[in-house]
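Everything on this sheet refers to the single structure shown next.
The values are calculated or read from the model by the stated rules, or taken from the named source; none is laboratory data. Nothing here was measured: the structure is a model prediction, and the numbers come from that model. Note that we place each Cβ from the backbone using ideal geometry, even for glycine, and neighbour counts take in every protein chain shown.
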Amino acid sequence: MVAEHDSRRAGIAGRSLDPRRTGLWGGFLDDLPVAEAVQMVRDFEAAGVGTLFLPEFRGADPFVRSALYLSATTDLRISLGVATIYARDPEAMVAASSTLEDAFPGRFVLGMGVSHRALVEARGHVFGPPLKTMRDYLAAMDATAKGRKLPPRILAALGPKMTELAAEAADGVHTYFCPVEHTARSRELLGPDRWLAPALMVPVAPENGQALQEYMRFCLGLPNYTSNLERFGYTEEDFRTASDRLVDALVAPADPQGLSARIDAHLDAGADLVVLQLVPPPSASIVRDRVMSGLLDSGGRPEDR
């Protein structure tokens, strides 16, 4: 089992077309008609984006979208960031992910998470104990795989126990709404041989502080995030006001040098790939303009440029 996971991780970390080890969060694509989204993904690949992360949040099926985007591109890698395990049983998850691995070998990464209680219950499901639920789910996937080749799988993990489960039974971790210190802690728990891909929020319009504050407050309304941030010394006062120190820790500086330094800080802390998310969530056209004008060129280590 360990050897299998190690070989998978080598395949992930070694394939990035972006030498600066940055990817792009693609949730904004769910708001577009499919034809427009497919063309935009082609444009992203042409601009040098190596990895695109797709969430499951706005009603677009992430597996269908993954198949469309992978079919339309040549080398782009798609990672789910992440699919909720409550939306499909283990057999369905195995069927969808193994089909994508067969069709696009080495280009699809299965990201999974337990999501948030409020979001799960809104879909009519019973939200179980997160760690046990995920552990049982992964075991059921392994039992039902029956020789089918699966893609690498990563877990949405904030707390130490879920991160340790990822080190034991998955290929790595995708984190969201976390400071650099969390990346360092995750690397310690994962060890050297698992993939670590933190998301990093990048401000679209720094002058529009109110819009950023509104997005921060939306995230701070989800207990998973605030419970995790408390481990790193943030308090109810930080959450209530979306304090400057919290924003500074979670959102990259707006200037290119500051963004580059924050990406490097996550890499130095142990990240394999940093997923850039423009916030507050802009229109797809704004994301396209930023990417095509060199958003990714502002990140990374000088020797990688």
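Values for this structure:
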item: Candidates VAL64, VAL49, VAL126 - the one that is of a type outside the set (Gly, Ala, Ser) and closer than 21 Å to GLY159 by Cβ; result: VAL126
item: Residues of the range 151-182 satisfying the condition of being closer than 16 Å to LEU267 by Cα and not in a loop (DSSP other than H, G, I, E, B); result: GLY172, VAL173, HIS174, THR175, VAL180, GLU181, HIS182
item: Residue among GLY209, GLY221, GLY233, GLY172 that alone is under 30 Å from ALA67 (Cα atoms) and either free of Cβ contacts under 8 Å to residues at least 12 places away in the same chain or surrounded by 22 or more Cβ atoms within 10 Å (Cβ to Cβ) (or both); result: GLY172
item: Scan of the range 64-123 for residues that are among the charged types (D, E, K, R) and under 18 Å from the mean Cα position of the chain (by Cα), ordered by number; result: ARG65, ARG77, ARG107
item: LEU196 vs. criteria assigned to a helix (DSSP H, G or I), within 17 Å of MET112 (Cα to Cα), touching a Lys or Arg at 6+ places or on another chain (Cβ under 7 Å) and not small (Gly, Ala, Ser); result: no
item: Residue in the range 232-288 that is nearest to GLY26 (Cα to Cα), counting only those that are part of a helix (DSSP H, G or I) and either of a type in the set (S, T, N, Q) or touching a His at 6+ places or on another chain (Cβ under 6 Å) (or both); result: SER285
item: Unmet criterion (only one of (1) part of a loop (DSSP other than H, G, I, E, B); (2) more than 27 Å from PRO198 (Cβ to Cβ)) for GLU56; result: (2)
item: Given (1) surrounded by fewer than 16 Cβ atoms within 10 Å (Cβ to Cβ); (2) touching a residue at least 12 places away in the same chain (Cβ under 8 Å); (3) aliphatic (A, V, I, L, M), index of the condition ALA122 fails; result: (2)
item: Residues satisfying the stated conditions in the range 1-43, i.e. in contact with a helix residue (DSSP H, G or I) (Cβ under 6 Å, 6 or more places away or on another chain) and either at pLDDT 50 or above or within 13 Å of SER285 (Cα to Cα) (or both); result: ARG20, THR22, PHE28, LEU29, LEU32, ALA37, VAL38, MET40, VAL41, ARG42
